[in-house]
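Readers should treat all values here as calculations from the given coordinates under stated rules, not as data from a laboratory. Being a predicted model, the structure only gives us computed values, none of them experimental. Ideal geometry is used to build each Cβ from the backbone, glycine not excepted, and the neighbour counts take in all protein chains shown.
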């Protein structure tokens, strides 16, 4: 019998460890098979909420924010590239910019509402946004780019454009960001399982498998004790 597993995946579109974490989580769930029946809900988090619409060159941003040298940045980028490759994701090398991601989060919120019957539309959009940003170096603050991505992910372009131009779901996204911050989320990715257990970072597949099995076992023990 499959155990229901609700997963709140708190992340940002411009976070490389978030796509690494998502790919590893997906592979862990595939490995677990019928052991769990998982539903992933993508929750908003902005690493750079004050970033201007034109963005900033990535190394310049990293150096200002973390004090990293060019050598440290390049070593970290290579580590990320290798981890991505192991999970089947391409991090394209070369110059890129970091962008404001608030509108991308509004679009993801809309996708969740459109995702009746859990057809995977929100996850398809999330993955398409990661691919556009990290593999194609697209400007994920551009409304035209975002509408293109939504269309390719199987969502209606007209609906996406309406959301983007109207400012719809801004209040809802900000409220969710504040909610997760109030619950102690300060770094991404953070994955919250069944509203009780949290795993952070782009963990390896086997770590997710072990963590999920432990969560399922502990929840089973709680249920049996209640009986």
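With everything on Cα atoms, drop me the angle between helix 157-166 and the longest principal axis of the chain, reported from 0 to 90° to the nearest 10. Computed tilt is about 70 degrees. Remark: relative contact order (the chain) = 31 percent; criterion is Cα-Cα distance under 8 angstrom and separation of 6 or more residues. DSSP bridge analysis restricted to region 3-226 gives an antiparallel fraction near 55%, rounded to the nearest 5.
With 0.36 nm allotted per residue and the present C-alpha distance subtracted, the residue 207-residue 39 stretch has 58.6 nm of extension available. At an R0 of 22 angstrom, the distance between the Cβ atoms of residue 182 and residue 218 translates into a FRET efficiency of 0.35. The residue 162 and residue 135 beta-carbon pair, evaluated with R₀ = 35 Å, returns a calculated FRET efficiency of approximately 0.80. Taking the longest Cα principal axis of the chain as reference, the axis of helix 143-152 is set at about 40 degrees. Among 202, 52, 120, the residue with the largest mean-square fluctuation in a Gaussian network model of the chain, with springs joining Cα atoms closer than 10 Å, is 52.
Labels on offer are [x] 0.97; [y] 1.06; [z] 0.95, and the one holding Rg/Rh (Cα atoms, Kirkwood Rh) computed from this structure is [x].
Principal-axis analysis of the Cα atoms of the chain puts helix 205-226 at an angle of about 40° to the longest axis.
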